[in-house]
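Q: Pasting a structure below so you can have a look.
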Ligand code: ATP
Ligand code: MG
Ligand code: MG
């Protein structure tokens, strides 16, 4: 396609790796900035010319970001915790700009500002308040919003690491300490019945297409399983969730895919939790299960190519994250090997050099002709997860 995409890496590398793999199929060159010479994304595309060599450096280093910008036609991110001021500075120097736009990243990377934006845009969200890092302020927030109270760090949050659930007022100081002195806000507790998500792709002209609604199941705040499509007897739930997700993404600037996390309530209503301005763990399944993967549509969107259909092409699919249980790579290898014996399963390993407890080492997507067949195919994998039984 004769275009060069720059990726600001830093989220472990798997999103950049799958984006690069997708780019390779379209002859799109990719230059990656992240720490290390042989990171997961850099392993995928060998530079075609000396000016396309990858860059070793941090997504927080302005000089390295400028160096990356000088090499590419469009710049994108695999993490939202980047230096927005540098992106704003270089935006006009990169021929096709920075996508998602720095203004969107700025809104999203501060979760309190994100909530304010979603509220102002008419998206359904739970009540929220800014909170000073004092016991009195946390107590006042609990007075207003009730217990349990979800106290969240405004910045640098991922895998639930910026969250603290306050069940009793006596936990206020513990929560402030645990959240490490970062600016905070509080959310009213949402008694959801399921967590769901929708990937939405937005073209440069603002056209949006949504993927099917999926159910996401977390274990210790880390995505564990994703089921597609949402299993529900009421089709209006999926319609509602897709509309909420599409409307939210329409109110953001810039092209690309967005992961919209939502809560499904017992009465079928939906609350928006948060938006990721990039490919998302809940969209990995799209590689095998949809007409166009989230990665390919991200590339198409940021390069002004025609968007592809997000429709499911199989009746039932799921994605199982392969999370490290210890430092043992052998456990990961033998689990991956087991998945090769499962019909309809495809394993993705991320090429990480070290394994740690809770680290995303890979994932498995299973497709099937029915939900029952899917469950039967998934069962032996759940029984042999690294580190023991589910
Ligand atoms: P991610 O890894 O998805 O970026 P994160 O660290 O940004 O996660 P959130 O998505 O805000 O964190 O919250 C993590 C999890 O905590 C949610 O998936 C949900 O299970 C729970 N949670 C978040 N907010 C609320 C709430 N207001 N009420 C109840 N549970 C919540
Ligand atoms: Mg988040
Ligand atoms: Mg989340």
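The values are calculated or read from the model by the stated rules, or taken from the named source; none is laboratory data. These figures come from a predicted structure and were not determined experimentally. Every residue, glycine among them, receives a Cβ derived from its backbone with ideal geometry; neighbour counts consider all protein chains shown.
Q: Which ones in region 152-185 are touching a strand residue (DSSP E or B) at 6+ places or on another chain (Cβ under 7 Å) and either more than 26 Å from residue 78 (Cα to Cα) or away from ligand 2 (no atom under 16 Å from the Cβ) (or both)?
A: Passing the criteria: 165, 166, 172, 175, 178.
Q: On to the next question. Looking for something part of a strand (DSSP E or B), in contact (Cβ under 8 Å) with a residue 12 or more places away in the chain, out of contact with any helix residue (DSSP H, G or I) (no Cβ under 9 Å at 6 or more places or on another chain) and within 16 Å of ligand 3 (Cβ to nearest atom) - is there at least one such residue anywhere in region 118-135?
A: No, region 118-135 contains no residue that is part of a strand (DSSP E or B), in contact (Cβ under 8 Å) with a residue 12 or more places away in the chain, out of contact with any helix residue (DSSP H, G or I) (no Cβ under 9 Å at 6 or more places or on another chain) and within 16 Å of ligand 3 (Cβ to nearest atom).
Q: Another question, then. Under 8 Å between Cβ atoms, which residue pairs at least 6 apart in sequence (or on different chains) link something in region 157-175 that is part of a helix (DSSP H, G or I) with a partner that is within 16 Å of ligand 2 (Cβ to nearest atom)?
A: From residues that are part of a helix (DSSP H, G or I), the pairs are 171/164; 174/164; 175/151; 175/164.
Matching residues to (1) in contact with a helix residue (DSSP H, G or I) (Cβ under 6 Å, 6 or more places away or on another chain); (2) within 16 Å of ligand 1 (Cβ to nearest atom); (3) outside any strand (DSSP E or B); (4) modelled with pLDDT of 95 or more:
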| site | (1), (2), (3), (4) |
| --- | --- |
| 252 | yes, no, yes, yes |
| 260 | yes, yes, no, yes |
| 278 | no, yes, yes, yes |
| 282 | no, yes, yes, yes |
| 292 | no, no, yes, yes |
| 297 | no, no, yes, yes |
| 300 | no, no, yes, yes |
| 309 | no, no, yes, yes |
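Q: Quick check on region 41-53: of everything there that is surrounded by fewer than 24 Cβ atoms within 10 Å (Cβ to Cβ) and within 23 Å of the chain's Cα centre (by Cα), which residue is farthest from residue 348 (Cα to Cα)?
A: 45
Q: Before we move on, is residue 252 more than 16 Å from ligand 2 (Cβ to nearest atom) and buried (at least 17 other Cβ atoms within 10 Å of the Cβ)?
A: No; evaluated as a whole, the condition is false for this residue.
Q: Cβ-Cβ below 7 Å, separation at least six or inter-chain, first residue in region 88-112 and closer than 21 Å to residue 250 by Cα, second within 16 Å of ligand 1 (Cβ to nearest atom) and part of a helix (DSSP H, G or I): which pairs?
A: From residues that are closer than 21 Å to residue 250 by Cα, the pairs are 107/113; 107/114; 107/117; 108/114.
Q: Please verify whether residue 88 is more than 16 Å from ligand 2 (Cβ to nearest atom) and in contact with a strand residue (DSSP E or B) (Cβ under 9 Å, 6 or more places away or on another chain), treating the condition exactly as stated.
A: For residue 88, the condition - more than 16 Å from ligand 2 (Cβ to nearest atom) and in contact with a strand residue (DSSP E or B) (Cβ under 9 Å, 6 or more places away or on another chain) - is met.
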